[in-house]
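Have a look at the structure below before the remarks.
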């Protein structure tokens, strides 16, 4: 029976080694994980492309300040020498002659009393909102990367604890079995040792599965199609969180990209409302045209040129401009209320993240003390059991307390790192 358990332990550890790969795994720091995710994750590409598209909308609006130049080519053949009028929908029409002509038409806006300027300002603010949305997407991905990175590190730490537990319990089982063979321990002790060894194997199996799942999640966030089992390098543990939560709140209200984006959208709606108001004002443009006519009636010259100023005064459009202005004003009011709601939620989320980070650090510090006490209790229980002055039940309980403390320490350490990352995200400091 002893040989059977030895064989099982060796096979199990061999399978773990095969799953982890024979070669040394690639090393990965958190900074490298950030850079890889920012470079590969498709959602970041989507956000960046939308930001670039919004820049083109801004350029479209700005084009209203520049002249428009178009080339024209006309060839006309008339039905008779006395053709003078045509029904083309205009009140008057120039004389129609046989001709072929080419020329340029130039139009330049002189002023529309702020209509185009406000359209440009609105488009620029929308472009800035898209840029801030892209930054918000980056920070969301980085938050997910941090969570996956620290979860994988936690799983690696638990695998190490589980492997050490399997080896220690296998050794203990061998020792107890040998003592029982020599009638120095009872079969009950051997039975307890076998149960503990089987429990350690279950712990190792679950820890390895959790590690594989965490590696799959991390690889996905890094934009990889295959799972890579990295050796994750430890990050220095940040200092305890400041006790002044208001500093974190003010930082969040100033730097959160989603807040900045909503402020941009509110300002853009206000500028659009002004643009729609100004659409009811006159617009003044300069128009010029020049060209040549190589084929023409003898009554026409060989070239032509004309210029003038066009004033367009909107008089009635069925309430179109007023409705557009009111729509933009209502959109601005809605954006303002949405901004106020988001600010309230940000303040709440910052407070909760701050509390969670403080609690996680306290639990990590207390767990360190717990581990020291559990290790001392284990050493004492082991010595008492070897001397035969205590039962295996007492020793098993001390060992369980030690393993639980080691697992809890690993969990609280990486939980604190995750909560600090969440706090940085809530304050707009995750870069």
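Filtered by the rule that a residue be surrounded by fewer than 19 Cβ atoms within 10 Å (Cβ to Cβ) and either in contact (Cβ under 8 Å) with a residue 24 or more places away in the chain or closer than 30 Å to residue 252 by Cβ (or both), the stretch 374-383 gives 375, 377.
Going by what's in this entry, would residue 37 be described as surrounded by 12 or more Cβ atoms within 10 Å (Cβ to Cβ), in a helix (DSSP H, G or I), in contact with a helix residue (DSSP H, G or I) (Cβ under 8 Å, 6 or more places away or on another chain) and at pLDDT below 75? Walk me through it before giving the result.
Working: surrounded by 12 or more Cβ atoms within 10 Å (Cβ to Cβ): yes; in a helix (DSSP H, G or I): yes; in contact with a helix residue (DSSP H, G or I) (Cβ under 8 Å, 6 or more places away or on another chain): yes; at pLDDT below 75: no.
So residue 37 fails the test.
Checking the structure you have, find out if any residue of the stretch 395-411 is over 30 Å from residue 214 (Cα atoms), part of a helix (DSSP H, G or I) and either touching a strand residue (DSSP E or B) at 6+ places or on another chain (Cβ under 7 Å) or touching a residue at least 40 places away in the same chain (Cβ under 8 Å) (or both). Yes. Any residue at all in the stretch 159-173 that is crowded, with 21+ Cβ neighbours inside 10 Å and touching a strand residue (DSSP E or B) at 6+ places or on another chain (Cβ under 8 Å)? No; the residues of the stretch 159-173 include none that is crowded, with 21+ Cβ neighbours inside 10 Å and touching a strand residue (DSSP E or B) at 6+ places or on another chain (Cβ under 8 Å). Being in contact with a helix residue (DSSP H, G or I) (Cβ under 6 Å, 6 or more places away or on another chain) and exposed (fewer than 15 other Cβ atoms within 10 Å of the Cβ) is a property that residue 235 lacks. Pairing residues of the stretch 322-337 that are free of Cβ contacts under 8 Å to residues at least 60 places away in the same chain with residues that are crowded, with 16+ Cβ neighbours inside 10 Å, at Cβ distances under 7 Å and at least 6 apart in sequence or on separate chains, gives 324/276; 325/273; 325/276; 325/277; 328/269; 328/272; 328/273; 328/276. Considering the conditions (1) in contact with a helix residue (DSSP H, G or I) (Cβ under 6 Å, 6 or more places away or on another chain); (2) in a loop (DSSP other than H, G, I, E, B); (3) within 30 Å of residue 44 (Cα to Cα), residue 211 is excluded by exactly one of them, (2).
Per-residue answers, yes or no, for (1) modelled with pLDDT of 70 or more; (2) buried (at least 16 other Cβ atoms within 10 Å of the Cβ); (3) out of contact with any strand residue (DSSP E or B) (no Cβ under 6 Å at 6 or more places or on another chain); (4) over 21 Å from residue 302 (Cα atoms):
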{"position": "74", "(1), (2), (3), (4)": "yes, no, no, no"}
{"position": "84", "(1), (2), (3), (4)": "no, no, yes, no"}
{"position": "90", "(1), (2), (3), (4)": "no, no, yes, yes"}
{"position": "95", "(1), (2), (3), (4)": "no, no, yes, no"}
{"position": "100", "(1), (2), (3), (4)": "yes, no, no, no"}
{"position": "108", "(1), (2), (3), (4)": "yes, no, no, yes"}
{"position": "113", "(1), (2), (3), (4)": "yes, no, yes, yes"}
{"position": "118", "(1), (2), (3), (4)": "yes, yes, yes, yes"}
{"position": "121", "(1), (2), (3), (4)": "yes, yes, yes, yes"}
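Considering the stretch 238-293, the residues that are crowded, with 19+ Cβ neighbours inside 10 Å and part of a loop (DSSP other than H, G, I, E, B) include one that is modelled with the lowest pLDDT, namely 241. Residues in the stretch 179-203 that are in contact (Cβ under 8 Å) with a residue 40 or more places away in the chain and surrounded by fewer than 14 Cβ atoms within 10 Å (Cβ to Cβ): 188 only.
The values are calculated or read from the model by the stated rules, or taken from the named source; none is laboratory data. Treat the numbers as computed from the prediction; the structure is a model and nothing was measured. Cβ atoms come from the backbone with ideal geometry, glycine included; neighbour counts cover every protein chain shown.
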